[in-house]
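A.B. asks: Here you go, one structure.
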């Protein structure tokens, strides 16, 4: 998945606050668009509580807002990133090279796949 069409962003690196993570995501999204990147794999972690962390929830809400604004085509929660999910299939159809992603079909709640 590390080619010029797709990029992996580890948003949990450095343990940012939700506000810091949102700012970083805005910068990364703008950079990806400028560079012609068609999709992102966001690593936000699952959360240390075992029930999902603030960062994961905030990133998905942030992405939902960007989708409503037309800045993101669609996104798939890592736990749904599977050939059985409708949005996943749409992403895979347009970008067959990401079928090699190690998280595809592994129910990884610590990631989110984004199509720009």
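A.B. asks: Restricting to the chain, what percent of DSSP beta bridges are antiparallel, rounded to 5?
C.D. replies: That works out to approximately 65 percent antiparallel.
A.B. asks: If packing is taken as the mean number of other Cβ atoms within 10 Å per residue, what is the order of 104-113, 26-35, highest first?
C.D. replies: Descending mean neighbour count gives 104-113, 26-35.
A.B. asks: How large is the helix-only mean residue ellipticity at 222 nm for the chain, computed as the sum of -39500 (n - 2.57) over DSSP H runs with n ≥ 4, divided by its residue count, in deg cm²/dmol to the nearest 500?
C.D. replies: Calculated at 222 nm, the ellipticity per residue is -11500 deg cm²/dmol.
A.B. asks: Now a separate question. Which distance in nm do the two modelled labels at residue 30 and residue 107 give, with both placed 7 Å along the Cα-to-Cβ direction?
C.D. replies: 3.9
A.B. asks: Using a simple spin-label model with points 7 Å from Cα along the Cα→Cβ vector, what separation in nm is obtained for residue 100 and residue 13?
C.D. replies: If labels sit at residue 100 and residue 13, their model points lie 2.1 nm apart.
A.B. asks: Calculate the radius of gyration of the Cα atoms of the stretch 34-116 to one decimal place, then report Dmax, the largest Cα-Cα distance, as a whole number, both in Å.
C.D. replies: Radius of gyration, then largest Cα-Cα span, for the stretch 34-116: 12.5, 37 Å.
A.B. asks: Okay, moving on. In nm, to one decimal, how far is the modelled label at residue 80 from the one at residue 5, with both set 7 Å along Cα→Cβ?
C.D. replies: 2.3
Throughout, read-outs are computed from the coordinates displayed, never taken from laboratory work. Values in this document were obtained by computation on a predicted structure and should not be read as measured data. All Cβ positions, glycine included, derive from the backbone under ideal geometry; neighbour counts span all protein chains shown.
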